[in-house]
Amino acid sequence: MELRYYLPFLIIIALTATLIYSFFLHTTLATEMPLSTKLVVETTICKSGDSEPCKINSCSGTIRCVNGIWGGCIVPQVCIPEEKINCYAQTCSIGKKTCNECGTGYGSCVFADT
């Protein structure tokens with residue numbers, strides 16, 4: 001018999017073997033990967049321009065919808081958390097005020113006792 005007679009069967013067997021091998025290789029790699037390297041992405045369809053409040057730890061922020069997908073939570077910072085800067089009173093006293101833990105603003109001015 002000629003090779004042309006067996007060629008379609010050989011191609012089908014080779015493709016089937018490749019698919020089976022690929023399937024088992026893929027499932028083996030996926031189950032052996034450590035949890036920390038697996039990427040889980042959950043997206044919710046939204047209307048572009050929408051925004052919602054969100055929190056990162058105890059800090060309040062805003063999450064915005066861009067092109068139908070929610071972005072990350074953004075906490076607008078105006079200072080570096082725990083940073084101290086000078087502040088002044090009407091009596092020309094110099095005190096210090098401290099940036100809050102979220103970096104969203106400063107606390108009240110604290111004057112050293114003299």
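Structure notes:
- Charge tally around Ala89: other residues with Cβ under 13 Å, Lys/Arg +1 each, Asp/Glu -1 each, net +2.
- Orientation-averaged projection of region 39-102 equals 6.6 nm² [convex hull of Cα atoms, one quarter of hull surface area].
- For the listed peptides 100-107, 86-93, 45-52, a ranking on the average number of other beta carbons within 10 Å per residue, highest first, reads 100-107, 45-52, 86-93.
- Estimated translational D of region 65-114 in µm²/s (Stokes, Kirkwood radius over Cα pairs; 4 °C; 1.567 mPa s): 100 µm²/s
- Built amide H within the under 5 Å cut-off of Cys54, gap 5+: Gly61, Thr62, Ile63
Every number in this text was worked out from the coordinates using simple rules, so none of it is lab data. Here the structure is a predicted model, which means the values were calculated and not measured. Backbone-built Cβ (ideal geometry, glycine too); neighbour counts: all protein chains shown.
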